[in-house]
1. For a quick check, take a GNM of the chain with Cα springs below 10 Å and name the residue from 123, 39, 80 with the largest mean-square fluctuation.
2. I want the local charge near residue 12. Using Cβ-Cβ distances under 12 Å, sum +1 for each Lys or Arg and -1 for each Asp or Glu among the other residues.
3. For the chain, treating each Cα as an identical point scatterer without solvent, what Debye log10 I(q)/I(0) comes out at q = 0.14 1/Å?
4. With N denoting the number of residues in the stretch 62-136, provide Rg(C-alpha) divided by 2.2 N^0.38 Å, to two decimal places.
5. For the chain, what proportion of DSSP beta bridges, expressed in % and rounded to the nearest 5, is antiparallel?
6. Could you let me know the centre-to-centre spacing of the stretch 1-68 and the stretch 95-128, using Cα atoms, in angstrom?
7. Using a Gaussian network model of the chain with C-alpha springs under 10 Å, which one of 126, 42, 14 is most mobile by mean-square fluctuation?
8. Gain in length, residue 101 to residue 13, computed as 0.36 nm per residue apart minus the alpha-carbon separation, to one decimal in nm?
Amino acid sequence: MGQARINLIGTLCLEEGIESLQYRMLEGPCRTGEVLGYLNSLAEEAHREGGRVVVVLDNAPFHKARAIQEAREGWEAKGLELYYLPAYCPHLNLIEGVWRRFEGFLMPRRYYDSLAELKQAVLSALRLLGAVELQC
């Protein structure tokens with residue numbers, strides 16, 4: 001039997017010196033479709049608010065997929081711009097520090113008896129960070 005898995009897609013927002021974290025929780029792997037849906041939601045939010053949003057991405061295959069590149073022009077028209085980090089430079093992405101705090105301090109490293117118990121621990125850690133779930 002395979003392991004139950006939870007992944008998070010997150011956005012660290014910096015507005016007027018204030019940090020906020022948005023996320024979407026995935027049960028299972030993070031693939032192109034999930035990233036596409038998340039970025040679509042961010043583009044719609046940017047369009048509604050009439051602002052410009054820059055999303056910093058690493059070079060994971062699901063960030064560089066054809067579907068992402070094909071959607072890029074439409075997102076830019078709505079105010080969402082993608083910026084890719086140079087290879088092997090995760091230290092340039094500010095959200096990596098958030099994930100280090102999350103994994104290193106806020107999530108106890110232990111065995112969880114069920115997926116529900118793991119989800120509760122993840123949600124508790126996200127609450128400590130003041131994170132807001134992005135509805136996709």
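Every number in this text was worked out from the coordinates using simple rules, so none of it is lab data. All of these numbers come straight from a predicted model, not from anything done at the bench. Cβ coordinates were reconstructed from backbone atoms using ideal geometry, including for glycine residues, and neighbour counts include every protein chain displayed.
1. 123
2. Working: positive: 101; negative: 15, 19, 96.
With Lys, Arg at +1 and Asp, Glu at -1, the neighbours total -2.
3. With no solvent term, the Cα-only Debye profile gives -0.70.
4. Values: Rg = 16.5 Å, N = 75, 2.2 N^0.38 = 11.3 Å.
Dividing the Cα Rg of the stretch 62-136 by 2.2 N^0.38 Å gives 1.45.
5. Values: 10 of 17 bridges.
Just about 60 percent of them are antiparallel.
6. 18
7. 14
8. Working: separation 88, 0.36 × 88 = 31.68 nm, distance 1.64 nm.
Length gained between residue 101 and residue 13: 30.0 nm.
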